[in-house]
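The values are calculated or read from the model by the stated rules, or taken from the named source; none is laboratory data. All figures in this text were calculated on a predicted structure; none of them were measured in a lab. For neighbour counting, all protein chains shown are included, and Cβ atoms are generated from backbone atoms with ideal geometry for every residue, glycine included. The area values use the complete protein model at the heavy-atom level, side chains included, leaving out ligands, DNA and RNA. Shrake-Rupley method; radii C 1.70, N 1.55, O 1.52, S 1.80 Å.
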Amino acid sequence: MDFELTPEQRMIQGMTREFAAQEILPVAAELDRTRRFPHEIIEKMGKLGLLGVSVPQEYGGAGMDYVAYAIATEEISRASASVGVIMSVQNSLVCDPLLQFGTEAQKQTYLVPLARGEKLGSYALTEPEAGSDAAAQRTSARPEGGHWVVSGQKNFITVARGASTFLVFCRTGPDPGHLGISALIVERETPGFSVAREEEIMGITASGCAQLAFEECRVPRENLLGAQGQGFRIAMEALNGGRIGIAAQAVGIARAALEESLQYARKREQFGSRIASFQAIQWMLADMATEIDAARLLAYRAALRKDRGEPFVREASMAKLYASEAAMKAATKAIQIHGGYGYTREYPVERLFRDAKVTEIYEGTSEIQRLVIAEQLLKA
(Lines give C-alpha, C1' and ligand atoms only; values in the text may rest on other atoms or scores of the structure.)
Protein backbone atom coordinates (compact mmCIF):
# COMPACT_ATOMS: atom_id res chain seq x y z
CA MET A 1 0.00 0.00 0.00
CA ASP A 2 1.53 3.27 -1.15
CA PHE A 3 0.13 6.59 0.08
CA GLU A 4 2.57 8.67 -1.96
CA LEU A 5 1.45 10.46 -5.11
CA THR A 6 3.32 9.75 -8.32
CA PRO A 7 5.44 12.54 -9.86
CA GLU A 8 2.74 13.00 -12.52
CA GLN A 9 0.02 13.31 -9.86
CA ARG A 10 2.12 15.81 -7.89
CA MET A 11 2.60 17.80 -11.06
CA ILE A 12 -1.12 18.12 -11.74
CA GLN A 13 -1.74 18.93 -8.06
CA GLY A 14 0.76 21.79 -8.14
CA MET A 15 -0.42 23.07 -11.50
CA THR A 16 -4.12 23.08 -10.61
CA ARG A 17 -3.45 24.57 -7.16
CA GLU A 18 -1.55 27.47 -8.72
CA PHE A 19 -4.14 27.95 -11.45
CA ALA A 20 -7.00 27.93 -8.94
CA ALA A 21 -5.26 30.47 -6.70
CA GLN A 22 -4.43 32.84 -9.55
CA GLU A 23 -7.37 32.51 -11.92
CA ILE A 24 -10.39 31.29 -9.93
CA LEU A 25 -10.17 32.31 -6.27
CA PRO A 26 -9.98 36.09 -6.98
CA VAL A 27 -13.32 35.97 -8.86
CA ALA A 28 -15.10 33.17 -6.95
CA ALA A 29 -17.27 35.51 -4.86
CA GLU A 30 -18.20 37.58 -7.91
CA LEU A 31 -19.17 34.47 -9.87
CA ASP A 32 -21.36 33.32 -6.99
CA ARG A 33 -23.00 36.72 -6.59
CA THR A 34 -23.71 37.37 -10.28
CA ARG A 35 -24.35 33.72 -11.32
CA ARG A 36 -22.17 34.43 -14.35
CA PHE A 37 -21.04 31.34 -16.25
CA PRO A 38 -17.20 31.35 -16.16
CA HIS A 39 -16.51 30.91 -19.89
CA GLU A 40 -13.06 32.49 -19.75
CA ILE A 41 -11.91 30.22 -16.91
CA ILE A 42 -13.25 27.09 -18.61
CA GLU A 43 -11.42 28.03 -21.81
CA LYS A 44 -8.13 28.26 -19.90
CA MET A 45 -8.82 24.95 -18.14
CA GLY A 46 -9.33 23.31 -21.52
CA LYS A 47 -5.90 24.45 -22.65
CA LEU A 48 -4.41 22.91 -19.50
CA GLY A 49 -6.02 19.54 -20.23
CA LEU A 50 -8.41 19.72 -17.28
CA LEU A 51 -11.54 18.99 -19.33
CA GLY A 52 -10.35 15.55 -20.40
CA VAL A 53 -7.96 14.55 -17.63
CA SER A 54 -8.30 10.76 -17.95
CA VAL A 55 -9.17 10.64 -21.66
CA PRO A 56 -6.37 9.02 -23.71
CA GLN A 57 -4.19 11.42 -25.67
CA GLU A 58 -5.29 9.82 -28.94
CA TYR A 59 -8.76 11.27 -28.26
CA GLY A 60 -7.54 14.73 -27.23
CA GLY A 61 -7.24 14.16 -23.49
CA ALA A 62 -4.40 14.50 -21.02
CA GLY A 63 -4.03 10.73 -20.72
CA MET A 64 -3.75 10.74 -16.94
CA ASP A 65 -5.38 8.47 -14.38
CA TYR A 66 -8.54 8.89 -12.33
CA VAL A 67 -6.58 9.62 -9.16
CA ALA A 68 -5.04 12.62 -10.94
CA TYR A 69 -8.55 13.68 -11.96
CA ALA A 70 -9.73 13.51 -8.32
CA ILE A 71 -6.70 15.54 -7.21
CA ALA A 72 -7.36 18.22 -9.83
CA THR A 73 -11.07 18.39 -9.00
CA GLU A 74 -10.30 18.97 -5.32
CA GLU A 75 -7.93 21.82 -6.13
CA ILE A 76 -10.35 23.56 -8.50
CA SER A 77 -13.28 23.08 -6.10
CA ARG A 78 -11.28 24.50 -3.19
CA ALA A 79 -11.40 27.82 -5.09
CA SER A 80 -14.91 27.54 -6.57
CA ALA A 81 -17.37 24.67 -6.29
CA SER A 82 -19.19 26.03 -9.35
CA VAL A 83 -16.10 25.68 -11.51
CA GLY A 84 -15.33 22.33 -9.87
CA VAL A 85 -18.67 20.80 -10.80
CA ILE A 86 -18.40 22.04 -14.40
CA MET A 87 -15.08 20.19 -14.59
CA SER A 88 -16.58 17.11 -12.94
CA VAL A 89 -19.55 16.90 -15.32
CA GLN A 90 -17.29 17.29 -18.35
CA ASN A 91 -14.88 14.56 -17.27
CA SER A 92 -17.09 12.02 -15.49
CA LEU A 93 -20.53 12.35 -17.00
CA VAL A 94 -19.79 13.28 -20.61
CA CYS A 95 -16.26 12.27 -21.68
CA ASP A 96 -16.22 9.00 -19.74
CA PRO A 97 -19.41 7.51 -21.26
CA LEU A 98 -18.41 8.68 -24.75
CA LEU A 99 -15.05 6.95 -24.30
CA GLN A 100 -16.67 3.77 -22.97
CA PHE A 101 -19.74 3.44 -25.20
CA GLY A 102 -19.15 5.68 -28.23
CA THR A 103 -18.43 4.49 -31.75
CA GLU A 104 -15.16 5.57 -33.32
CA ALA A 105 -17.06 8.17 -35.37
CA GLN A 106 -18.74 9.54 -32.23
CA LYS A 107 -15.41 9.72 -30.43
CA GLN A 108 -13.82 11.67 -33.27
CA THR A 109 -16.82 13.98 -33.68
CA TYR A 110 -17.65 14.64 -30.02
CA LEU A 111 -15.09 13.23 -27.58
CA VAL A 112 -12.00 14.78 -29.17
CA PRO A 113 -13.24 18.42 -29.08
CA LEU A 114 -14.72 17.88 -25.60
CA ALA A 115 -11.48 16.46 -24.19
CA ARG A 116 -9.49 19.28 -25.78
CA GLY A 117 -11.79 21.84 -24.20
CA GLU A 118 -13.00 23.13 -27.55
CA LYS A 119 -16.55 22.13 -26.58
CA LEU A 120 -18.34 21.79 -23.26
CA GLY A 121 -20.70 18.97 -22.38
CA SER A 122 -23.70 18.45 -20.14
CA TYR A 123 -25.51 15.38 -18.77
CA ALA A 124 -29.30 15.50 -19.00
CA LEU A 125 -30.95 12.83 -16.85
CA THR A 126 -33.11 14.51 -14.17
CA GLU A 127 -36.76 15.33 -14.90
CA PRO A 128 -39.61 16.83 -12.87
CA GLU A 129 -40.82 13.30 -12.01
CA ALA A 130 -37.48 11.49 -12.29
CA GLY A 131 -35.01 12.46 -9.59
CA SER A 132 -33.72 9.66 -7.39
CA ASP A 133 -35.95 7.32 -9.45
CA ALA A 134 -34.00 7.81 -12.67
CA ALA A 135 -35.87 5.01 -14.42
CA ALA A 136 -39.07 7.10 -14.37
CA GLN A 137 -38.04 8.97 -17.53
CA ARG A 138 -40.86 10.62 -19.48
CA THR A 139 -38.85 12.41 -22.16
CA SER A 140 -39.44 10.29 -25.28
CA ALA A 141 -37.77 9.78 -28.63
CA ARG A 142 -39.50 8.09 -31.56
CA PRO A 143 -37.76 6.94 -34.75
CA GLU A 144 -38.76 8.86 -37.86
CA GLY A 145 -36.74 8.35 -41.02
CA GLY A 146 -33.12 9.09 -40.30
CA HIS A 147 -33.86 10.83 -36.99
CA TRP A 148 -35.02 10.40 -33.42
CA VAL A 149 -37.77 12.92 -32.64
CA VAL A 150 -37.39 13.96 -29.00
CA SER A 151 -40.08 15.55 -26.82
CA GLY A 152 -39.94 16.32 -23.12
CA GLN A 153 -38.28 18.33 -20.38
CA LYS A 154 -35.21 18.08 -18.18
CA ASN A 155 -34.66 19.87 -14.86
CA PHE A 156 -31.62 20.86 -12.79
CA ILE A 157 -29.17 20.26 -15.64
CA THR A 158 -25.72 21.43 -14.59
CA VAL A 159 -23.61 23.27 -17.22
CA ALA A 160 -26.69 23.68 -19.44
CA ARG A 161 -26.13 27.42 -19.95
CA GLY A 162 -22.58 26.93 -21.21
CA ALA A 163 -22.67 23.53 -22.93
CA SER A 164 -22.69 22.83 -26.65
CA THR A 165 -23.10 19.03 -26.43
CA PHE A 166 -25.70 17.23 -24.31
CA LEU A 167 -25.95 13.58 -23.33
CA VAL A 168 -29.72 13.14 -23.12
CA PHE A 169 -31.55 10.13 -21.67
CA CYS A 170 -35.02 9.39 -22.99
CA ARG A 171 -37.53 6.62 -23.53
CA THR A 172 -37.19 5.06 -26.99
CA GLY A 173 -39.31 1.95 -26.60
CA PRO A 174 -42.38 0.49 -24.91
CA ASP A 175 -40.41 -1.56 -22.38
CA PRO A 176 -41.17 -0.51 -18.79
CA GLY A 177 -38.73 1.03 -16.32
CA HIS A 178 -35.08 1.18 -17.25
CA LEU A 179 -35.40 -1.27 -20.17
CA GLY A 180 -36.82 1.30 -22.59
CA ILE A 181 -34.29 4.09 -21.94
CA SER A 182 -31.63 5.12 -24.45
CA ALA A 183 -28.93 7.80 -24.59
CA LEU A 184 -28.71 10.38 -27.37
CA ILE A 185 -26.03 12.94 -28.17
CA VAL A 186 -27.78 16.26 -28.82
CA GLU A 187 -26.07 19.41 -30.05
CA ARG A 188 -27.20 22.80 -28.81
CA GLU A 189 -28.17 24.13 -32.25
CA THR A 190 -30.47 21.18 -33.02
CA PRO A 191 -33.93 22.48 -34.07
CA GLY A 192 -36.51 21.92 -31.35
CA PHE A 193 -33.97 22.02 -28.52
CA SER A 194 -33.77 24.96 -26.12
CA VAL A 195 -32.40 25.97 -22.73
CA ALA A 196 -35.76 26.98 -21.31
CA ARG A 197 -34.83 28.86 -18.16
CA GLU A 198 -32.14 29.19 -15.53
CA GLU A 199 -32.75 27.36 -12.26
CA GLU A 200 -32.70 29.58 -9.15
CA ILE A 201 -30.46 27.42 -6.97
CA MET A 202 -29.02 28.03 -3.50
CA GLY A 203 -25.39 27.15 -4.18
CA ILE A 204 -22.98 26.49 -7.09
CA THR A 205 -24.76 29.43 -8.66
CA ALA A 206 -22.27 29.90 -11.52
CA SER A 207 -22.54 26.29 -12.70
CA GLY A 208 -25.06 27.09 -15.44
CA CYS A 209 -27.87 24.98 -13.98
CA ALA A 210 -30.96 25.24 -16.17
CA GLN A 211 -34.06 23.55 -17.51
CA LEU A 212 -34.05 21.98 -21.00
CA ALA A 213 -36.98 21.68 -23.40
CA PHE A 214 -37.37 19.32 -26.37
CA GLU A 215 -40.17 20.13 -28.80
CA GLU A 216 -40.15 17.65 -31.69
CA CYS A 217 -36.35 17.90 -31.57
CA ARG A 218 -34.86 15.99 -34.52
CA VAL A 219 -31.64 14.18 -33.62
CA PRO A 220 -29.72 12.11 -36.23
CA ARG A 221 -30.14 8.34 -35.77
CA GLU A 222 -26.35 7.91 -35.60
CA ASN A 223 -26.31 10.01 -32.41
CA LEU A 224 -27.60 7.06 -30.38
CA LEU A 225 -24.90 6.30 -27.78
CA GLY A 226 -24.50 2.57 -27.25
CA ALA A 227 -27.38 0.30 -28.16
CA GLN A 228 -31.08 1.13 -27.99
CA GLY A 229 -32.32 0.35 -24.47
CA GLN A 230 -28.81 0.63 -23.00
CA GLY A 231 -29.31 4.18 -21.75
CA PHE A 232 -30.00 3.37 -18.11
CA ARG A 233 -26.81 1.33 -17.85
CA ILE A 234 -24.84 4.16 -19.47
CA ALA A 235 -26.37 6.67 -17.06
CA MET A 236 -25.60 4.58 -13.97
CA GLU A 237 -22.03 3.75 -15.00
CA ALA A 238 -21.40 7.44 -15.64
CA LEU A 239 -22.77 8.29 -12.20
CA ASN A 240 -20.54 5.69 -10.55
CA GLY A 241 -17.48 7.52 -11.87
CA GLY A 242 -19.13 10.88 -11.30
CA ARG A 243 -19.50 10.16 -7.60
CA ILE A 244 -15.71 10.08 -7.31
CA GLY A 245 -15.63 13.55 -8.84
CA ILE A 246 -18.30 14.84 -6.44
CA ALA A 247 -16.42 13.30 -3.50
CA ALA A 248 -13.32 15.19 -4.62
CA GLN A 249 -15.37 18.36 -5.03
CA ALA A 250 -16.70 17.95 -1.49
CA VAL A 251 -13.16 17.51 -0.17
CA GLY A 252 -12.18 20.76 -1.87
CA ILE A 253 -15.10 22.63 -0.30
CA ALA A 254 -14.33 21.16 3.13
CA ARG A 255 -10.65 22.04 2.81
CA ALA A 256 -11.56 25.61 1.95
CA ALA A 257 -13.75 25.75 5.08
CA LEU A 258 -10.88 24.48 7.23
CA GLU A 259 -8.30 26.82 5.74
CA GLU A 260 -10.57 29.85 6.10
CA SER A 261 -11.30 28.84 9.71
CA LEU A 262 -7.63 28.43 10.57
CA GLN A 263 -6.82 31.83 9.14
CA TYR A 264 -9.70 33.49 11.00
CA ALA A 265 -9.03 31.74 14.33
CA ARG A 266 -5.39 32.87 14.30
CA LYS A 267 -6.29 36.57 14.04
CA ARG A 268 -9.69 36.93 15.74
CA GLU A 269 -9.48 38.01 19.40
CA GLN A 270 -12.11 37.58 22.12
CA PHE A 271 -11.72 37.86 25.89
CA GLY A 272 -8.18 39.13 25.39
CA SER A 273 -6.97 36.05 23.46
CA ARG A 274 -6.96 34.80 19.92
CA ILE A 275 -9.76 32.29 19.53
CA ALA A 276 -7.32 29.71 18.18
CA SER A 277 -6.19 29.26 21.80
CA PHE A 278 -9.69 28.17 22.90
CA GLN A 279 -10.13 24.43 23.26
CA ALA A 280 -13.64 24.54 21.78
CA ILE A 281 -12.25 26.04 18.56
CA GLN A 282 -9.30 23.65 18.49
CA TRP A 283 -11.56 20.62 18.74
CA MET A 284 -13.69 21.83 15.82
CA LEU A 285 -10.56 22.34 13.72
CA ALA A 286 -9.24 18.91 14.68
CA ASP A 287 -12.51 17.20 13.71
CA MET A 288 -12.60 19.05 10.39
CA ALA A 289 -9.02 18.10 9.50
CA THR A 290 -9.52 14.43 10.44
CA GLU A 291 -12.73 14.04 8.45
CA ILE A 292 -11.22 15.80 5.41
CA ASP A 293 -8.27 13.42 5.36
CA ALA A 294 -10.58 10.42 5.70
CA ALA A 295 -12.80 11.68 2.87
CA ARG A 296 -9.82 12.28 0.59
CA LEU A 297 -8.49 8.77 1.17
CA LEU A 298 -11.90 7.27 0.38
CA ALA A 299 -12.00 9.26 -2.88
CA TYR A 300 -8.48 8.16 -3.82
CA ARG A 301 -9.30 4.52 -3.08
CA ALA A 302 -12.35 4.58 -5.34
CA ALA A 303 -10.36 6.33 -8.09
CA LEU A 304 -7.52 3.83 -7.81
CA ARG A 305 -9.89 0.88 -8.11
CA LYS A 306 -11.40 2.46 -11.23
CA ASP A 307 -7.90 2.93 -12.67
CA ARG A 308 -7.10 -0.73 -12.02
CA GLY A 309 -10.30 -1.94 -13.65
CA GLU A 310 -11.56 -3.32 -10.33
CA PRO A 311 -15.16 -3.06 -9.06
CA PHE A 312 -15.59 0.38 -7.47
CA VAL A 313 -19.34 1.01 -7.15
CA ARG A 314 -19.40 0.51 -3.38
CA GLU A 315 -16.20 2.50 -2.87
CA ALA A 316 -17.45 5.40 -5.02
CA SER A 317 -20.70 5.58 -3.05
CA MET A 318 -18.81 5.41 0.26
CA ALA A 319 -16.53 8.24 -0.86
CA LYS A 320 -19.41 10.39 -2.09
CA LEU A 321 -21.50 9.77 1.04
CA TYR A 322 -18.74 10.43 3.54
CA ALA A 323 -17.10 13.35 1.73
CA SER A 324 -20.36 15.21 1.11
CA GLU A 325 -21.41 14.90 4.75
CA ALA A 326 -17.90 15.87 5.89
CA ALA A 327 -18.12 18.98 3.68
CA MET A 328 -21.44 19.96 5.21
CA LYS A 329 -20.05 19.47 8.73
CA ALA A 330 -16.91 21.44 7.91
CA ALA A 331 -18.88 24.33 6.42
CA THR A 332 -21.21 24.40 9.43
CA LYS A 333 -18.28 24.44 11.86
CA ALA A 334 -16.59 27.16 9.79
CA ILE A 335 -19.61 29.43 10.18
CA GLN A 336 -19.67 28.69 13.92
CA ILE A 337 -15.99 29.58 14.24
CA HIS A 338 -16.56 32.83 12.35
CA GLY A 339 -19.58 33.64 14.51
CA GLY A 340 -21.76 36.46 13.22
CA TYR A 341 -19.28 37.26 10.46
CA GLY A 342 -19.69 33.74 9.11
CA TYR A 343 -23.36 34.46 8.53
CA THR A 344 -22.53 37.35 6.20
CA ARG A 345 -21.19 37.43 2.66
CA GLU A 346 -18.16 39.37 3.88
CA TYR A 347 -16.45 36.02 4.47
CA PRO A 348 -16.44 33.07 2.03
CA VAL A 349 -17.67 30.47 4.52
CA GLU A 350 -21.28 31.48 3.86
CA ARG A 351 -20.78 30.54 0.20
CA LEU A 352 -19.03 27.31 1.17
CA PHE A 353 -22.02 26.35 3.34
CA ARG A 354 -24.43 26.81 0.41
CA ASP A 355 -22.14 25.00 -1.99
CA ALA A 356 -21.54 22.06 0.36
CA LYS A 357 -25.22 21.20 0.68
CA VAL A 358 -25.68 20.19 -2.94
CA THR A 359 -22.96 17.54 -2.69
CA GLU A 360 -25.34 15.60 -0.43
CA ILE A 361 -28.02 15.76 -3.15
CA TYR A 362 -26.82 15.56 -6.74
CA GLU A 363 -25.49 12.44 -8.46
CA GLY A 364 -27.41 10.43 -5.87
CA THR A 365 -28.56 11.70 -2.49
CA SER A 366 -26.96 10.46 0.72
CA GLU A 367 -29.94 8.16 1.14
CA ILE A 368 -29.38 6.64 -2.32
CA GLN A 369 -25.67 6.15 -1.52
CA ARG A 370 -26.60 4.21 1.62
CA LEU A 371 -28.92 2.01 -0.45
CA VAL A 372 -26.16 1.36 -3.00
CA ILE A 373 -23.62 0.53 -0.30
CA ALA A 374 -26.03 -1.82 1.47
CA GLU A 375 -26.92 -3.54 -1.82
CA GLN A 376 -23.25 -4.08 -2.60
CA LEU A 377 -22.61 -5.46 0.90
CA LEU A 378 -25.52 -7.90 0.63
CA LYS A 379 -24.35 -9.07 -2.81
CA ALA A 380 -20.84 -9.88 -1.58
(request) Alpha carbons only, please: Rg and Dmax for segment 251-380, in angstrom. (result) 16.9, 58
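Mind checking segment 80-149 for chymotrypsin sites (Phe, Trp or Tyr not before Pro) that DSSP puts in a loop (not H, G, I, E or B) and that have at most 16 other Cβ atoms within 10 Å? Intermediate values should be presented prior to the final figure.
Working: sites: 101, 110, 123, 148; in loops: none.
Counting only loop positions with at most 16 other Cβ atoms within 10 Å, none of the chymotrypsin sites (Phe, Trp or Tyr not before Pro) in segment 80-149 qualifies.
Rg over Rh of the chain, using C-alpha atoms and the Kirkwood radius, what does it come to?
Numbers: Rg = 20.7 Å, Rh = 21.0 Å.
Rg divided by Rh gives 0.98.
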(message) Can you give me the accessible area per residue for segment 20-178, using a 1.4 Å probe, in Å²?
(response) 35
(message) From the helices alone, meaning DSSP H stretches of at least four residues, give me the mean residue ellipticity at 222 nm for the chain, per-run term -39500 (n - 2.57), in deg cm²/dmol to the nearest 500.
(response) -15500 deg cm²/dmol
(request) Could you work out the Rg to Rh ratio of segment 239-284, with Rh taken as the Kirkwood radius (inverse of the mean 1/r over all Cα pairs)? (result) 1.26
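Assuming 0.36 nm per residue, please report the length gained on full extension of the stretch residue 6 to residue 140 beyond their Cα-Cα distance.
Taking 0.36 nm per residue and subtracting the Cα distance, the gain is 43.6 nm.
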(request) Report residue 341's accessible area, 1.4 Å probe, all protein chains in place, as a number in Å² to the nearest 10. (result) 90
(request) With a bin width of 10 angstrom, please list the P(r) values of segment 328-380 as percents of all Cα-Cα pairs, from the 0 bin to the one holding the largest distance. (result) 25, 33, 21, 15, 5
(request) From largest accessible area down, sort 132, 82; use a 1.4 Å probe on the protein chains. (result) 132, 82
(request) Quick one: which residues, 5 or more positions from residue 5 or on another chain, have an amide H under 5 Å from its amide H? H modelled 1.01 Å from N in the peptide plane, none for Pro or chain starts. (result) none
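Out of the total accessible area of the chain (probe 1.4 Å, heavy atoms of protein only), what percent is carbon and sulfur? Walk me through the numbers before you get to the answer.
Working: 8630 of 16150 Å².
Carbon and sulfur together cover 53 percent of it.
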(message) If you count only protein heavy atoms and use a 1.4 Å probe, how large is the accessible surface of residue 285, to the nearest 10 Å²?
(response) 20
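Can you classify segment 148-271 as rounded, prolate or oblate using the Cα gyration tensor, where a ≥ b ≥ c are the square roots of its eigenvalues, rounded means a/c under 1.5, and otherwise it's prolate if a/b beats b/c and oblate if not? Each step should come with its number before you reach the end.
Details: a/c = 3.58, a/b = 2.20, b/c = 1.62.
Verdict is prolate for segment 148-271.
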(request) Could you order 365, 6, 359 so the one with the most accessible surface comes first? Probe is 1.4 Å. (result) 6, 365, 359
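Which of the pairs 44/329; 44/107; 267/333 have their Cα atoms more than 29 Å apart in this structure? Present the calculation step by step, with values, prior to reporting the outcome.
On the way: 44/329 32 Å; 44/107 23 Å; 267/333 17 Å.
Going by Cα-Cα distance, 44/329 fall outside the 29 Å limit.
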(message) Let me test this: with uniform point scatterers at the alpha carbons of segment 93-213, what is the Debye-based log₁₀ I(q)/I(0) at q = 0.17, 0.18, 0.21, 0.22 1/Å?
(response) -0.89, -1.00, -1.31, -1.40
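What whole-number value in Å² describes the accessible area per residue of segment 194-318 for a 1.4 Å probe?
Values: 5560 Å² over 125 residues.
I get 44 Å² per residue for this part.
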(message) For a quick size check, give me the Cα extents of segment 291-346 along its three principal axes, largest first, whole Å.
(response) 48, 17, 13
(message) Less than 11 Å Cβ to Cβ from residue 275, Lys/Arg counted +1 and Asp/Glu -1: what total charge do the surrounding residues give?
(response) +3
(request) With r as the distance between the Cβ atoms of residue 43 and residue 221 and R0 = 25 Å, compute the FRET efficiency 1/(1 + (r/R0)^6) and round to 0.05. (result) 0.15
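Please give me the summed charge of the neighbours of residue 130: other residues whose Cβ is under 11 Å from its Cβ, Lys and Arg +1, Asp and Glu -1. Let's see the in-between values first.
Working: positive: 138, 154, 171; negative: 127, 129, 133.
After counting each charged neighbour, the total is 0.
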(message) Viscosity 1.306 mPa s, temperature 10 °C: what is the translational diffusion coefficient of segment 75-163 from Stokes-Einstein with a Kirkwood Rh over Cα pairs, rounded to a whole number of µm²/s?
(response) 108
(request) Using θ = phi - 60° and the Karplus relation 6.51 cos²θ - 1.76 cosθ + 1.60, list the HN-Hα couplings for segment 64-71 in order, rounded to whole Hz, with x at every Gly or Pro. (result) 9, 8, 6, 5, 4, 4, 4, 4
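Could the peptides 198-211, 301-314 be put in order, highest first, of the mean number of other beta-carbon atoms found within 10 Å of their residues?
198-211, 301-314
Averaged over all directions, how much area does the convex hull of the C-alpha atoms of segment 258-319 cover when projected, in nm²?
Values: hull surface 19.4 nm².
Hull-based average projected area comes out at 4.9 nm².
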(request) Please give the per residue volume of the convex hull enclosing the alpha carbon atoms of segment 3-94, rounded to a whole number of Å³. (result) 89
(message) As an exercise, take the mean of 1/r over every pair of distinct alpha carbons in segment 185-331, invert it, and state the Kirkwood radius in angstroms.
(response) 18.7
(request) Using the Cα centre as the reference, give the magnitude of the dipole from point charges on the C-beta atoms of the chain (Lys, Arg: +1; Asp, Glu: -1; all else neutral), rounded to the nearest 20 debye. (result) 400
